[in-house]
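One structure below.
Here, each number is a calculation from the coordinates, and none is a lab measurement. The structure presented is a predicted model; accordingly, all values stated were derived computationally and were not measured. Cβ coordinates were reconstructed from backbone atoms using ideal geometry, including for glycine residues, and neighbour counts include every protein chain displayed.
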Amino acid sequence: MLKRCFRNRTFIISILMLLPFMLIAILGPLIVTHDPLAIDSVNILKPPSRTYILGTDEFGRDIFSRLILGIRPTLIVALGSTGLAFFLGFIIGLLAGYYGGVVEQLLMRMVDIVLCFPPILLALMIVAFWGSGIVILIFIIGILYTPHFARITYSGVIQVKTLAYIESERSLGASSFRILKRGISPNIMSPLIIQVSLTIASAILLEAGLSFLGVGILPPAPSWGQMIGAAKGYVMLSPNYIFWPSLCLCLTILGTNLLGDSLRDILDPKLNNET
Amino acid sequence: MIRFLIKRIFLALIQIFIVLSLVFLLLHIMPGDPAVLALGTDRTVDPQVVEALRHELGLDKPILEQYLIYIKNVANLNFGNSITDKVPVMSYIAERIPRTIELAFLSIIVASIIGVVLGMVAALERKKAADIITTSLAALGISLPVFVLGTLFIYVFSFSLRLLPAGGFIALSKNAGAHYARLVLPVATLALPMAASIARMTRSSMLEVLNKEVVQTLYAKGLSRQKVVFGHVLRNAMIPIVTIIGLQFGNLIGGTVLIEYLFNLPGLCSVLLKAISYRDYPLIQGCIFVMSSFYILVNMFVDILYGALDPRVR
């Protein structure tokens, strides 16, 4: 499995793109040169210099340090919400697909409700009513992407559950729980793993979008989307202020998308629909 | 077909009803009193003022009664008055929605044309330079957040080259040229990432059909390449392409929120953002409801089109 991964060129490129960001996220506080919240009112919107490697923002805060500490909230929200979506969607899809009938109708229609809303609008509405912050963002984005996982799991279960080896497992006296855990789950994982990487990319994008609008991760804590939102007013004065967070954001999303593409090639050569 | 049509329209109505109820429910289970929050948390609010606003918003009635009144009002397209300036929410929506719809439709049309053409070229020129360039650009395109792309465009085309205005809005009736000049950058920003997804889908869908044996038979029959590609391959490849264009509408509405903010376009989404910052609940409810309904109706339309293209779906 790992061997197949490393024979895929896209996979290696995506890992090389993502690895530095992961490392910086973990080592962040050790690398920063300044307090990301420290205001230096004399040096506002300064170009890169020896003290401020990438210059300063509109409050004289160090862009480099904010950039580095901005990875964490982004990754926490992206990974947390994807985890939540996977967990909820997987359980809903398993139960709905395996039991069918009333359970299926109840669970799958409940999931469909989320799909009635354009994603960012539902997020905006919840943020408007309940306020923002990392926990709420994880919750909202997690709920938003649950339907995708539920549907993929559901269609996987439907395909697998009528196969002979599940029948034989049941006739040997295996419990429903055992069949779901040992018989079905491992065999429907591939499309879900692909979906995980695509969802992480979407979640990063959504979080950045909300932060850009000023309703995501709350200031003064740094996040890339929010930095881009603030910097857009100073594009002419200080182009490098907007350049770095934009570049980091694009690279992260590109890396995650490429990872998803390569996983699709590796895990499911038959699956060809790129959505 | 008629049965499918009725079923699909009925489903859309149910979805709209669910949206309606959820918008109501979310407001009422939120922590805190909407009236107090709307009046601002920074100063101590006079209880009498709060009581008056509660009465005005109907928050002093039992919740079920509020719900029924709300449904009745929405059925009459009455979303109440904005808290901040007492203007009926509906008049805001009526004024702003044409702008948002114009932006959305122009973008999806541009995106579809660029996407389908590039995707076809890539599929027909498989593994040649045109294909490699298109697929790499498409991979880049779907990873580019619209607000980053938009800022880049503003920087390059407005500030550096001074070719196009960086945003704002001028009514079509006042000056058509200026009106469209202000739409070029927003539409391009919204359309390009969508075109990337559409191109990817078109490419893989076309390749799938091109690899079928039918195509060889068609060539063997003596049909020209043009006739095979446009008459048969594209037609058969169209279903997934229509689907992805429909799916893009979800992203598109999210995109318009960001684009209107970035380019200072006074559309419906910018009203929504302002309403959120002022905690103007009737206005938030109205905007979300209208935009979600629009989304649901577009999805319905796409499904019906899908049914018309592929009889198996019905």
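Couple of notes before you dig in:
- Neighbour net charge for A:ILE12 - beta-carbon separation under 13 angstrom, K R +1, D E -1: +2
- Kyte-Doolittle at least -1.0, axis length at least 20 Å by Cα - qualifying DSSP helices, chain B: B:2-28, B:89-124, B:129-143, B:176-210, B:234-262, B:281-309
- The mean number of Cβ atoms from other chains found within 10 Å of a Cβ in peptide A:109-119 is 6, as a whole number.
- If R0 is 35 Å, the Cβ-Cβ spacing of A:PHE87 and A:LEU172 corresponds to a FRET efficiency of close to 0.75.
- Remark: region A:2-267 carries a charge dipole of roughly 700 debye about the Cα centre, counting +1 on each Lys and Arg Cβ and -1 on each Asp and Glu Cβ.
- Among A:ILE193, A:TRP130, A:GLY83 - extreme Cα towards positive end, dipole of region A:2-267, charges at beta-carbon: A:ILE193
- Each of B:THR84 and A:GLU58 was given a label point 7 Å from its Cα along the Cα-to-Cβ line. The distance between the two points is 1.8 nm.
- Computed from the C-beta positions of B:ASN76 and B:LEU309, the FRET efficiency with R₀ = 41 Å rounds to 0.65.
- Highest to lowest packing among A:172-183, A:137-148, scored as the average C-beta count within 10 Å: A:137-148, A:172-183
- For chain B, relative contact order (Cα pairs under 8 Å, six or more residues apart, normalised by length) works out to 27 percent.
- Over all other residues within a Cβ to Cβ distance under 12 Å of B:GLN66, the charged ones net out to +1, with Lys and Arg as +1 and Asp and Glu as -1.
- B:VAL36-B:PHE17 pseudo-label distance in nm [points 7 Å out on the Cα-to-Cβ vector]: 3.5
- Taken residue by residue and averaged, Cβ atoms of other chains lying within 10 Å of the Cβ of B:285-294 number 3.
- Residues considered: B:ARG200, B:ARG225, B:ARG99. Largest GNM mean-square fluctuation over chain B, using C-alpha springs under 10 Å, is found at B:ARG225.
- Set of region B:55-70 residues, backbone N closer than 19 Å to the point 7 Å along the Cα-Cβ line of B:SER91: B:57
- Of all the options A:MET189, A:MET125, A:MET227, the one that moves most in a Gaussian network model of chain A with Cα springs shorter than 10 angstrom is A:MET125.
- Counting, for every residue in A:125-133, the Cβ atoms of other protein chains within 10 Å of its Cβ and taking the mean gives 6.
- Region A:195-212 - phi-based ³J(HN,Hα) in whole Hz, Karplus 6.51/-1.76/1.60, Gly and Pro as x: 4, 4, 5, 5, 5, 4, 4, 5, 5, 4, 4, 5, 4, 4, x, 5, 5, 4
- Over region A:2-267, relative contact order from alpha-carbon pairs under 8 Å, at least 6 apart, %: 26
- Value at 222 nm in deg cm²/dmol, rounded to 500, when DSSP H runs of n ≥ 4 in the protein assembly as shown each add -39,500 (n - 2.57): -24000 deg cm²/dmol
- Fully extending the segment from A:PHE6 to A:SER155, taken as 0.36 nm per residue of separation minus the present Cα-Cα distance, adds 50.7 nm.
- Candidates B:VAL271, B:VAL214, B:VAL184: whichever shows maximal mean-square fluctuation once chain B is modelled as a Gaussian network with Cα springs under 10 Å: B:VAL214
- Links that overshoot a 22 Å alpha carbon limit, given the list B:LYS127/B:LYS212; A:LYS3/A:LYS181; A:LYS232/B:LYS274: A:LYS3/A:LYS181
- Label point 7 Å beyond Cα of B:ILE239 along Cβ direction - residues of region B:191-221 with amide nitrogen under 17 Å: B:201-215
- B:ASN81 long-range amide H proximity, modeled H, under 5 Å: B:VAL89
- Scoring B:113-123, A:4-14 by mean Cβ neighbours within 10 Å over their residues and listing the highest first yields B:113-123, A:4-14.
- Taking every C-alpha pair closer than 8 Å and separated by at least 6 residues, the mean separation divided by the residue count of region A:99-182 gives a relative contact order of 28 percent.
- Rounded is the label for the protein assembly as shown. Its Cα gyration tensor axes, ordered a ≥ b ≥ c, give a/c under 1.5.
- Region A:2-267: C-alpha gyration tensor shape, a/c 1.5 cut-off, then a/b vs b/c: prolate
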